[in-house]
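Here's the structure we're looking at; comments come further down.
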C-alpha cells in the first residue's frame, strides 16, 4: 500500500447580522459551497429585506450552474440583476440592493461588487486591504440592483455594472464581506485588529457586528459581517493497488 500525505487549503466561513436601531433588518447573507455573498436592501425603499434575499439567492443559483472565474462572477451578478428587475415591479418603485461576493476558484479568490457593501482582504502577513475602493455617490439612475442609490455603478445596457477582482489563495488569509453598517462605523485598522485576533470566523464576525452596532448607537444601521478563513489542513490519502482476482489466483498457484 502506498500512502501519500500532503496538505490542502479549505475555506471556512461564517456570518453574523443584526438590525441595529432599525425596526427591520434588510441585510442578507448566504454561504453556498465555494460562494459567499452579502446584500443590503436600500434603506427607505419598499421591501429591502426581500430584495436582498433575492440577490443572494439568484447569485448562488447562477454560480452553481456555471462556476468559473471572473466572467462567471459577472454572469452571476447579471442574473441577480435580471431577477431583481422583474421582482421589483411587484415590490414597488425604487426597490434595490447592494451585493458583494467572494468565491474560491481553484487557487484564487474571485470578488464581485455592486454598490457600497465592501470586501476586505487580510493577507497572512497582515495589513487589511479593501478590495474595491470606496467611490463617490452618483445620483444617476442605476440598474435594478441600483448600487445603493448609485454608488459608481451606472446602468449599462440594462445590466448591472460589476466590479471584479481576484487574489491568490494563501493559507492564513482572511476575507470579510460586510454592509455599510459595519465599515462606516469601525475604522479599518480596528476591523483588521479584530480579524487578526480571531481565527474562528464566527467569533470574528460576531465581534465586528456587535462593535459596529454599539458604535452606531441610536442611529445605527443594520450591520452584517461574513468572515472566511483559508486554512491549511492535512490531506491524508491512502493509495492502494487495485485488487485483482487473476493476480490472487496466480500467487496461490505459485505457492
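Can you sort 73, 173, 109 so the residue with the fewest Cβ neighbours within 10 Å comes first?
Numbers: 73 28, 173 20, 109 25.
Listing 73, 173, 109 from fewest to most nearby Cβ atoms yields 173, 109, 73.
Compute the FRET efficiency between residue 203 and residue 24 as 1/(1 + (r/R0)^6), taking r as their Cβ-Cβ distance and R0 = 30 Å, and round to the nearest 0.05. List each step's numbers first, then the result.
On the way: r = 26 Å, r/R0 = 0.88.
With R0 = 30 Å, the Cβ-Cβ based efficiency is 0.70.
Taking Cα centroids, how far is the range 187-230 from the range 24-91 in Å?
The two parts, judged by their Cα centres, are 22 Å apart.
For the range 34-129, what does the alpha-carbon gyration tensor say about shape, rounded, prolate or oblate, given a ≥ b ≥ c as the root eigenvalues, a/c under 1.5 as rounded, and a/b over b/c as prolate? Present the calculation step by step, with values, prior to reporting the outcome.
Values: a/c = 3.15, a/b = 1.56, b/c = 2.02.
Verdict is oblate for the range 34-129.
What is the extension gain from residue 65 to residue 210, computed as 0.36 nm multiplied by their sequence separation minus the C-alpha to C-alpha distance, in nm to one decimal? Intermediate results must be reported in sequence, preceding the final value.
Values: separation 145, 0.36 × 145 = 52.20 nm, distance 3.55 nm.
Contour length minus the Cα-Cα distance gives 48.6 nm.
Go ahead and collect, in residue order, the members of the range 88-120 whose backbone nitrogen is under 14 Å from a label point 7 Å along the Cα-Cβ direction of residue 9.
The answer is 103-111, whose backbone nitrogens lie closer than 14 Å to the label point.
Peptides 193-203, 174-184, 217-227: what's the order by average Cβ count within 10 Å, highest mean first?
Working: 193-203: 16.6, 174-184: 26.3, 217-227: 22.6.
Final packing ranking: 174-184, 217-227, 193-203.
Under a plain spin-label model, where a point goes 7 Å from the Cα along Cα-to-Cβ, how far apart in nm are residue 188 and residue 233?
Simple spin-label model gives 3.2 nm for this pair.
Read the figures in this text as sums done on the coordinates, not as results from a lab. As the structure is a prediction and not an experimental result, all values here were calculated from the model. All Cβ positions, even for glycine, are placed from backbone atoms using ideal geometry, and neighbour counts span all protein chains on display.
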